Amino acid sequence: MTRFEKGLYSIAAIILVFLYLLSSTNFFSTESTPEISTISIISKEKDDLYRRTMRKGMEKAAIDAWVDLNFITLYDNYNLEQQEEMIRQEISNAVDAIIVMPIEGLHLEEILEETGSTIPIIILGESGDFSRAASQIHPDTSLLGRDLATLVLSQRFLDEKIYLLNEDQGEEMNQMITIATQVFDEQGKPYEIFAGSGQELGEVLLKNTESCSVLIFNERTLVETAKANKSASTVFYGIGASSTSVFSLEDGTTSGIVAPDMYMMGYYGMEQAINSVNRVGNEKDILINHRTVTQNTIFDKENEVFLFPLN
Amino acid sequence: MKNQKFREKLQTKIDTMKIQTTVFLSFTITTILVVLVVITSMYSRFSSELTVNTQQEKQILVDQVKRTTDTYLRNMMKVGESLYSNVIKNTDLTNNSIRADLQLVLDMHKDNILNVALFDANGVLLEAAPAATIKENCKVQEQDWFIAAQEKTENTHFSDPQIQNVFEESDPQYTWVIPMSLSVEITRGKRTSQGVLLIYLRYNSIQEIVNNTNLGNNSYIYIVSPDGQLIYHPRQYLIEQSVEEENNEINATYQDGVYQETFLHKKRTVTVKTVSYTGWKIIGVSAEPTFAFSSFQSKIFIVFVIVLFVFIITLLNRVISKKVTMPIQYLEESVLGIESDLDDSRVYKGGTYEVRRLGTSIQGLVRQMKSLMASVNREHDAKRKSELDALHAQINPHFLYNTLDIIVWMIENERPDEAVRVVTALARFFRISLSKGQNKIPLIDEMEHVNNYLAIQTLRFKNRFTYSIEIGEETESLESLKLILQPITENAVYHGMEFMNGDGGILIKSWKDADDLYITVADNGLGMSREQVDRLMSKEPVDSKTGSGIGLWNINERIRLTYGENYGIKVETEPDEGTTVTVHLPAVDYKQEEKKNDTF
């Protein structure tokens with residue numbers, strides 16, 4: 001055997017030993033088991049009453065992934081400080097990704113800027129320009145506003161007054177109101193934008209003796225205000241997709257809703273969060289569908305499966 | 001251009017490849033190929049068997065789901081039927097309530113049943129458990145379960161899953177249910193009428209039956225109604241919102257069995273089982289199984305096994321090829337040694353039988369070659385020496401000086417005719433000596449050469465002897481070696497005639513006997529002693545003081561080298577009586593032989 005051959009066989013023997021140690025022992029490395037990632041979902045409300053369907057979608061997306069879901073609700077609805085505290089806490093906990101439904105988009109950007117966090121952030125329900133978000137999933141607010149206005153026009157008399165409640169809850173709401181008013185303007189429909197809370201609007205409605213329609217763009221406010229001010233002369237329309245909203249619609253408290261596809265919002269949100277964790281790559285902006293539902297169409301087959309997802 | 005150069009280099013490498021390398025590469029490549037073929041075929045066989053087994057296991061699981069669903073539905077039907085036959089049928093609803101019985105059934109099956117209710121033919125609620133009222137907007141008579149029960153009174157009906165939207169709930173849950181309805185006979189006093197018994201089965205029960213069965217990775221079970229509507233699918237919402245797709249409408253048309261289909265460009269196996277009573281189809285979907293090593297260590301282990309295999313194979317082949325080819329290599333080295341030095345004739349004779357035989361043969365060949373070369377060398381040496389001797393004889397200064405002296409004496413004594421004769425003889429003597437450098441000449445020329453020589457010598461020796469040449473008629477055209485007779489004659493002149501006083505005689509005679517030619521040179525001189533003959537026949541050069549110095553051994557050797565061991569010269573001598581030298585040659589026609597040589 002030549003020296004070259006001897007050298008070659010020696011190298012092969014060393015490689016063999018190395019491969020054996022690598023494949024059959026823990027000498028060099030231990031077989032990595034899939035790590036469980038923690039993904040925190042920070043709501044903007046104190047309960048999941050209006051987000052159950054979205055949660056179902058999230059759980060479906062996470063079913064085959066090694067993910068520990070951490071649903072966080074606030075102590076009070078729409079409490080900006082609390083949400084900030086929760087976000088900071090999750091950042092300091094170094095979770096793998098955060099899905100957040102921001103109360104105020106700009107404020108979220110500031111927090112992220114300040115903390116310098118590199119944790120992937122997935123924004124749900126907001127279409128603003130979030131430079132630090134890995135992905136944004138939201139309904140087309142223009143279409144939501146347009147469809148809601150069209151629904152009102154299709155059901156109400158032309159001269160009937162319309163109130164549009166503006167709770168100053170961010171750009172999304174403003175955009176929907178703007179689009180709805182454009183539709184009313186086109187049809188010559190009288191309307192009034194009421195800036196204030198649902199409660200304040202209720203006080204105005206109490207004094208109102210004429211029949212009117214009220215458009216509310218926040219689901220919780222819609223249900224609560226409609227319930228508190230149920231009368232024969234006032235009809236309520238708004239944005240909503242939860243079983244509470246459906247029940248309000250069914251018992252006539254509200255007359256029509258435009259329901260965003262909350263299941264898919266949750267599903268896509270979780271899918272993008274998992275993609276971020278796995279460094280697969282994200283879709284920056286995802287639009288979800290919505291459906292217009294009235295009392296008579298709740299139990300239509302298509303609406304039934306849309307509003308009450310089976311699994 | 002580069003390609004061409006590379007090919008040439010490769011070809012050169014292949015051409016100069018050692019036998020050991022060739023054997024090693026052939027063994028290794030063949031072994032690896034064979035093992036690959038075996039592994040591939042075994043993998044193919046085992047994987048197909050595994051696929052079949054896996055599919056069978058999945059079929060069994062799908063069948064289990066079907067049986068469980070069947071059992072569940074049968075139990076629910078029994079509940080409905082026993083409720084009807086034991087309670088409703090036997091109760092006059094005018095004065096009696098069956099609510100407690102309905103509640104009892106509900107309590108017993110609360111995991112599977114959400115509501116139990118009895119309606120009259122107009123859709124009016126008669127009894128319900130739990131106690132409930134009909135929703136304000138609900139039109140019972142328009143419900144599909146009610147219509148189905150009214151239309152086919154003899155059957156129990158299962159409708160498609162739907163949200164419970166008949167009974168009021170204080171806290172609306174919007175629960176998914178599967179309505180089971182059957183037509184019943186209601187007794188009110190003496191009157192009987194048709195009614196409908198509704199049992200809302202919890203959808204979750206069906207969901208759990210399927211969820212409790214795990215078909216494995218990339219496999220799932222779904223349930224479809226006979227018209228292709230999804231009853232249950234693990235990703236039902238995504239399908240209904242067109243985010244994902246399912247082949248439910250086609251699968252619903254399949255009979256019970258196993259089908260291979262391609263859906264969304266992916267091959268999959270579909271197992272279909274039909275549930276009794278409902279016609280629902282339990283569909284088991286499993287992706288084409290792929291056998292891959294998922295973990296990093298498993299992949300590395302495969303690499304390790306392959307490298308180990310190649311390592312062992314190459315090592316073994318190295319040893320085997322060396323064992324097989326080393327004797328050939330040793331043999332080659334022996335031959336190379338012989339090539340450089342023929343005297344180093346030790347040939348390797350080890351290894352296998354064939355190699356040993358080859359070694360022995362080569363050894364024999366070398367021996368023969370050496371013998372042949374020795375013969376050639378000897379012949380060459382003899383020829384060279386003979387030619388040198390002949391040349392020496394031709395220019396023997398003594399002979400030439402004496403001859404020229406005779407010529408001068410003849411001219412001075414005004415004997416020009418004799419001088420001319422001597423000069424002519426001398427000239428012819430030299431012409432034949434040259435003979436265009438040929439080794440063989442006709443016997444007649446050889447005889448003439450001797451004649452010229454003797455003609456000069458008789459004059460030199462002042463007629464102390466006479467000579468006679470007798471050429472046999474048949475021998476003139478026969479072949480003779482050049483210059484073999486002149487040295488013999490020279491010996492006869494110098495050793496036999498020197499002391500003769502006019503009565504000396506030399507007789508040269510040739511004749512043919514069968515295939516042999518004989519030439520004798522006989523003298524009647526003093527004869528020779530045994531020692532003188534031996535000296536003449538020995539290898540040692542003879543004293544050239546008076547003669548040409550060409551030994552008889554040399555002539556004898558030339559004849560034997562040219563014609564073989566059977567030919568040569570023989571010396572017969574008797575002191576005071578003379579000497580006879582006989583030359584024995586084969587009788588070969590000179591012209592025919594020359595023609596033959598020209599042809600070759």
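What to note about this one:
- Condition check for residue B:72: hydroxyl-bearing (Ser, Thr, Tyr), touching a helix residue (DSSP H, G or I) at 6+ places or on another chain (Cβ under 8 Å) and at pLDDT 90 or above: yes
- Picking from residues in region A:152-207 that are part of a loop (DSSP other than H, G, I, E, B) and in contact with a strand residue (DSSP E or B) (Cβ under 9 Å, 6 or more places away or on another chain), the one that is surrounded by the fewest Cβ atoms within 10 Å (Cβ to Cβ) is A:168.
- Filtered residue count, region A:43-94, keeping only those that are surrounded by 20 or more Cβ atoms within 10 Å (Cβ to Cβ), in a helix (DSSP H, G or I), away from chain B (no Cβ under 14 Å) and of a type outside the set (A, V, I, L, M, F, W, C): 2
- Qualifying residue in region A:27-34 (condition: within 14 Å of another protein chain (Cβ to nearest Cβ), loosely packed, with under 15 Cβ neighbours inside 10 Å and of a type in the set (Asp, Glu)): yes
- Test result for residue B:208, in contact with a Gly (Cβ under 6 Å, 6 or more places away or on another chain), of a type in the set (D, E, K, R) and outside any loop (DSSP other than H, G, I, E, B): no
- Scan of region B:33-91 for residues that are free of Cβ contacts under 8 Å to residues at least 12 places away in the same chain and of a type in the set (Gly, Ala, Ser), ordered by number: B:41, B:44, B:48, B:82, B:85
- Of the helices (runs of 4 or more DSSP H) lying entirely inside region A:232-311, those containing at least 3 residues that are within 16 Å of the chain's Cα centre (by Cα) are A:262-277.
- Qualifying residue in region B:197-204 (condition: within 14 Å of another protein chain (Cβ to nearest Cβ) and assigned to a strand (DSSP E or B)): yes
- Residue in region A:258-266 that is away from chain B (no Cβ under 13 Å) and either in contact with an Asp or Glu (Cβ under 9 Å, 6 or more places away or on another chain) or at negative phi (or both) present: yes
- When region B:152-164 is filtered for residues that are crowded, with 19+ Cβ neighbours inside 10 Å and without any contact (Cβ under 8 Å) to a residue 40 or more places away in the chain, the ones remaining, listed by number, are B:157, B:159, B:162, B:163.
- Taking the numbered list (1) over 30 Å from residue B:217 (Cα atoms); (2) more than 14 Å from every other protein chain (Cβ to nearest Cβ); (3) among the acidic types (Asp, Glu) in turn, residue A:5 passes all entries but (2).
For (1) modelled with pLDDT under 90; (2) out of contact with any Leu (no Cβ under 6 Å at 6 or more places or on another chain); (3) surrounded by fewer than 21 Cβ atoms within 10 Å (Cβ to Cβ), each residue gets a yes or a no:
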{"site": "B:147", "(1), (2), (3)": "no, yes, yes"}
{"site": "B:177", "(1), (2), (3)": "no, no, no"}
{"site": "B:190", "(1), (2), (3)": "yes, yes, yes"}
{"site": "B:194", "(1), (2), (3)": "no, yes, yes"}
{"site": "B:198", "(1), (2), (3)": "no, yes, no"}
{"site": "B:219", "(1), (2), (3)": "no, yes, yes"}
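- The set of residues in region B:414-473 that are under 60 Å from the mean Cα position of the chain (by Cα) and free of Cβ contacts under 8 Å to residues at least 24 places away in the same chain contains only B:437.
- Here residue B:215 passes the criteria (1) among the hydrophobic types (A, V, I, L, M, F, W, C); (2) at pLDDT below 95; (3) out of contact with any Lys or Arg (no Cβ under 6 Å at 6 or more places or on another chain); (4) within 20 Å of residue B:68 (Cβ to Cβ) except the one numbered (3).
- Exactly one residue out of A:40, A:23 is among the hydroxyl-bearing types (Ser, Thr, Tyr), within 14 Å of chain B (Cβ to nearest Cβ) and surrounded by 12 or more Cβ atoms within 10 Å (Cβ to Cβ): that is A:23.
- Any hit, region A:229-237, residues being of a type in the set (A, V, I, L, M, F, W, C), within 13 Å of residue A:166 (Cα to Cα) and surrounded by 14 or more Cβ atoms within 10 Å (Cβ to Cβ): no
Per-residue answers, yes or no, for (1) more than 15 Å from residue B:490 (Cβ to Cβ); (2) surrounded by 14 or more Cβ atoms within 10 Å (Cβ to Cβ); (3) at pLDDT 85 or above:
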{"site": "B:375", "(1), (2), (3)": "yes, no, no"}
{"site": "B:379", "(1), (2), (3)": "yes, yes, no"}
{"site": "B:382", "(1), (2), (3)": "yes, yes, no"}
{"site": "B:389", "(1), (2), (3)": "no, yes, no"}
{"site": "B:392", "(1), (2), (3)": "no, yes, no"}
{"site": "B:399", "(1), (2), (3)": "no, yes, no"}
{"site": "B:402", "(1), (2), (3)": "no, yes, no"}
{"site": "B:408", "(1), (2), (3)": "yes, no, yes"}
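- Strands (runs of 3 or more DSSP E) wholly inside region B:221-319 that include at least 2 residues being exposed (fewer than 13 other Cβ atoms within 10 Å of the Cβ): B:257-263, B:266-274
- If you go through region A:245-275 and pick out every residue that is among the polar types (S, T, N, Q) and crowded, with 24+ Cβ neighbours inside 10 Å, you end up with 4.
- Residues (in a strand (DSSP E or B), away from every other protein chain (no Cβ under 14 Å) and within 28 Å of residue A:248 (Cβ to Cβ)) located in region B:130-174: none
The values are calculated or read from the model by the stated rules, or taken from the named source; none is laboratory data. All values reported here derive from a predicted model rather than from experimental measurement. Don't worry about glycine lacking a Cβ; one is built from the backbone with ideal geometry, like all the others, and counts go over all protein chains shown.
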